[in-house]
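Report on the following structure.
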Amino acid sequence: MNTVLDKKVNESIKDIPEIGDFTKIFFYVNNHNINSRYLNILKELTNLKDDIISNWLNINTRTFRNYKKSDIVLKDNTKEHIVLLISLYKHGIEVFDSIENFDKWLITENFLLGKKAPMDFLDTVSGLKFIDDKLTAIEYGDNV
């Protein structure tokens, strides 16, 4: 995948709110048809394997792959999680200047995170917020 988001993906995600604004996230999820298109956008935003993304969404890999192919109606918490992950990726790519650099940071164990990789926190909303806060700290000069 290219380090620069393609125009179509960039256009699709430009209106997704920042993680920190839960009111805007709530209204975004409720006013948009969060479906397989969003899962495919998330997949385009990362070079990580389906099993990692499916773990974040608390679904098995087979279910994730089926969701990407069909317009099945997703549970509200899954829709919200997808939007939050896309929002996190928007922020991460902005901070690290490329998808590859952000993915590398996500999968690398971090001493400041108790020797866990940032991706280990992305299966909960509070974990997503925690990692997003770390990205903000990095923007302001905190240790990676």
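The values are calculated or read from the model by the stated rules, or taken from the named source; none is laboratory data. In this text the structure is predicted, and so the values were computed from the model without any measurement. Glycine gets a Cβ as well: all are built from the backbone with ideal geometry, and neighbour counts include every protein chain shown. Protein only, heavy atoms only, side chains kept; ligands, DNA and RNA dropped before computing areas. Shrake-Rupley method; radii C 1.70, N 1.55, O 1.52, S 1.80 Å.
Points worth noting:
- Residues of region 37-61 that are farther than 20 Å from Gly92 by Cβ and buried (at least 17 other Cβ atoms within 10 Å of the Cβ): Ile59 alone.
- Close pairs (7 angstrom Cβ cut-off, 6 or more residues apart or separate chains): under 14 Å from Lys134 (Cα atoms) in region 96-118, among the β-branched types (Val, Ile, Thr) and open to solvent by less than 80 Å² (accessible area, probe 1.4 Å) anywhere: Phe102/Ile93; Ala117/Thr108; Pro118/Ile131
- Residues that are part of a helix (DSSP H, G or I) and either open to solvent by 10 Å² or more (accessible area, probe 1.4 Å) or more than 20 Å from Leu106 (Cα to Cα) (or both), drawn from region 69-91: Lys69, Asp76, Asn77, Thr78, Lys79, Glu80, His81, Lys90, His91
- Selection status of Ile93, farther than 17 Å from Asn10 by Cβ and not hydroxyl-bearing (Ser, Thr, Tyr): no
- Checking Asn143 against (1) within 28 Å of Asn35 (Cα to Cα); (2) of a type outside the set (A, V, I, L, M); (3) not in a helix (DSSP H, G or I), the condition it does not meet: (1)
- Region 23-50: number of residues that are among the charged types (D, E, K, R), assigned to a helix (DSSP H, G or I) and without any contact (Cβ under 8 Å) to a residue 12 or more places away in the chain: 1
- Among the conditions (1) open to solvent by 10 Å² or more (accessible area, probe 1.4 Å); (2) farther than 16 Å from Leu45 by Cα; (3) modelled with pLDDT of 95 or more, the only one that Trp105 does not satisfy is (2).
- For region 29-84, a residue qualifies if it is among the acidic types (Asp, Glu) and either in contact with a strand residue (DSSP E or B) (Cβ under 8 Å, 6 or more places away or on another chain) or closer than 17 Å to Leu128 by Cα (or both), and the qualifying residues are Asp76, Glu80.
- Ile34 closer than 21 Å to Ile72 by Cβ and crowded, with 18+ Cβ neighbours inside 10 Å: yes
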